[in-house]
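Engineer: Sharing a structure below in structure tokens format, with a few things to ask.
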């Protein structure tokens with residue numbers, strides 16, 4: 001194991017954080033007409049949003065499904081593996097599938113999406129590969145680009161997972177505002193933890209500073 005000095009450790013940490021910050025800031029340019037069409041589809045669906053992805057994208061998908069539900073867009077996470085082992089039966093015609101993949105080439109994810117598409121209202125892909133097999137399957141493609149150093153070694157999904165998360169957070173807030181899911185209702189459905197404990201103070205702060213939803 002190499003012996004590293006404090007300055008070297010500081011440089012490593014700063015390099016990673018700065019690369020990730022650039023990755024997140026860079027996805028602001030992904031907010032284009034296609035993003036808006038996808039956002040409107042999610043915000044207006046009468047069904048649920050099934051969020052899926054493999055590997056690190058699956059972890060990001062689970063986070064997104066939770067936050068969408070917290071903010072008034074009913075959503076749930078299903079892994080492609082579970083989906084291909086019978087989980088597809090959960091889909092109904094009014095539901096949407098939101099699939100996440102940096103490279104868009106996961107065979108398992110793409111097989112799942114191909115099977116899911118006829119069962120639901122539409123498929124939305126979030127990917128850095130607009131020419132990928134996943135993008136070809138999708139009704140809407142939210143594309144983003146990354147610097148070569150966004151991920152550790154261009155292998156480990158560090159910056160890319162944060163970039164995708166930022167795009168999904170934007171979709172989450174668009175859904176909340178579009179659905180008229182007011183803070184009072186959100187806090188009512190989140191009664192536990194620090195959020196619930198501080199609900200009254202949060203409402204007072206939000207009502208004093210927010211624009212009307």
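The values are calculated or read from the model by the stated rules, or taken from the named source; none is laboratory data. Predicted, not measured: the structure shown is a model, and the values here were computed from it. Counting neighbours? That spans all protein chains shown, and the Cβs are built from the backbone with ideal geometry, glycine included.
Engineer: Listed residues 71, 113; which is over 19 Å from residue 140 (Cα atoms), at pLDDT 95 or above and within 17 Å of the chain's Cα centre (by Cα)?
Structural biologist: Values: 113 fails: over 19 Å from residue 140 (Cα atoms).
Selected residue: 71, the only one of 71, 113 that is over 19 Å from residue 140 (Cα atoms), at pLDDT 95 or above and within 17 Å of the chain's Cα centre (by Cα).
Engineer: Take residues that are buried (at least 23 other Cβ atoms within 10 Å of the Cβ) and in the same structural domain as residue 152 (by TED's automatic domain parsing) and tell me which of the strands (runs of 3 or more DSSP E) falling wholly in the stretch 5-106 contain 2 or more. Write out each step before concluding.
Structural biologist: Values: elements: 49-53, 75-77, 96-100.
Once the strands (runs of 3 or more DSSP E) in the stretch 5-106 are filtered for at least 2 residues that are buried (at least 23 other Cβ atoms within 10 Å of the Cβ) and in the same structural domain as residue 152 (by TED's automatic domain parsing), what remains is 49-53, 96-100.
Engineer: Conditions first: (1) outside any loop (DSSP other than H, G, I, E, B); (2) exposed (fewer than 11 other Cβ atoms within 10 Å of the Cβ); (3) in the same structural domain as residue 17 (by TED's automatic domain parsing). Residue 148 passes all but one, so which condition is the exception?
Structural biologist: (1)
Engineer: Of all residues in the stretch 133-145, count the ones that are crowded, with 17+ Cβ neighbours inside 10 Å and free of Cβ contacts under 8 Å to residues at least 40 places away in the same chain. If you could, list the steps in order and put the result at the bottom.
Structural biologist: First pass over the stretch 133-145, keeping only residues crowded, with 17+ Cβ neighbours inside 10 Å: 133-135, 137-138, 140-144.
From what's left, free of Cβ contacts under 8 Å to residues at least 40 places away in the same chain: 133-135, 137-138.
The qualifying residues number 5.
Here's the yes/no breakdown for (1) touching a residue at least 60 places away in the same chain (Cβ under 8 Å); (2) farther than 19 Å from residue 153 by Cβ; (3) in contact with a helix residue (DSSP H, G or I) (Cβ under 8 Å, 6 or more places away or on another chain):
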position: 13; (1), (2), (3): no, no, no
position: 20; (1), (2), (3): yes, no, yes
position: 29; (1), (2), (3): yes, yes, no
position: 45; (1), (2), (3): yes, yes, no
position: 50; (1), (2), (3): yes, yes, yes
position: 55; (1), (2), (3): yes, no, no
position: 64; (1), (2), (3): yes, yes, yes
position: 79; (1), (2), (3): no, yes, yes
position: 83; (1), (2), (3): no, yes, yes
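Engineer: What are the residues in the stretch 153-178 that are buried (at least 18 other Cβ atoms within 10 Å of the Cβ) and farther than 16 Å from residue 60 by Cα, if any?
Structural biologist: Within the stretch 153-178, 174, 175, 176 meet the criteria.
Engineer: Conditions: (1) farther than 29 Å from residue 20 by Cβ; (2) out of contact with any strand residue (DSSP E or B) (no Cβ under 6 Å at 6 or more places or on another chain); (3) not in a loop (DSSP other than H, G, I, E, B). Residue 191 meets all but one. Number of the miss?
Structural biologist: So the condition that residue 191 fails would be (3).
Engineer: I've got another one for you. Would you confirm whether any residue within the stretch 85-92 is touching a helix residue (DSSP H, G or I) at 6+ places or on another chain (Cβ under 8 Å) and on the phi > 0 side of the Ramachandran plot? Walk me through how you get there before you give the answer.
Structural biologist: Here is the first cut: in the stretch 85-92, the residues touching a helix residue (DSSP H, G or I) at 6+ places or on another chain (Cβ under 8 Å) are 88, 91-92.
Retained after the next criterion (residues that are on the phi > 0 side of the Ramachandran plot): none.
Looking through the stretch 85-92, none of the residues is touching a helix residue (DSSP H, G or I) at 6+ places or on another chain (Cβ under 8 Å) and on the phi > 0 side of the Ramachandran plot.
Engineer: Then there's this: Going through the stretch 107-137 one residue at a time, which ones are under 23 Å from residue 28 (Cα atoms), in a loop (DSSP other than H, G, I, E, B) and touching a strand residue (DSSP E or B) at 6+ places or on another chain (Cβ under 6 Å)?
Structural biologist: 130
Engineer: Can you pull out the residues in the stretch 123-132 that are farther than 11 Å from residue 100 by Cβ, touching a helix residue (DSSP H, G or I) at 6+ places or on another chain (Cβ under 7 Å) and surrounded by 19 or more Cβ atoms within 10 Å (Cβ to Cβ)? Talk me through it step by step, then tell me what you get.
Structural biologist: In the first step, residues of the stretch 123-132 are kept if they are farther than 11 Å from residue 100 by Cβ; the result is 123, 129-132.
From the residues that got through so far, the ones that are touching a helix residue (DSSP H, G or I) at 6+ places or on another chain (Cβ under 7 Å) too are 123, 129.
Across the stretch 123-132, the qualifying residue is only 123.
Engineer: Of 178, 132, 165, 161, which residue is within 14 Å of residue 72 (Cα to Cα) and at pLDDT 95 or above?
Structural biologist: On the way: 132 fails: within 14 Å of residue 72 (Cα to Cα); 165 fails: within 14 Å of residue 72 (Cα to Cα); 161 fails: within 14 Å of residue 72 (Cα to Cα).
Only one candidate passes the filter, namely 178.
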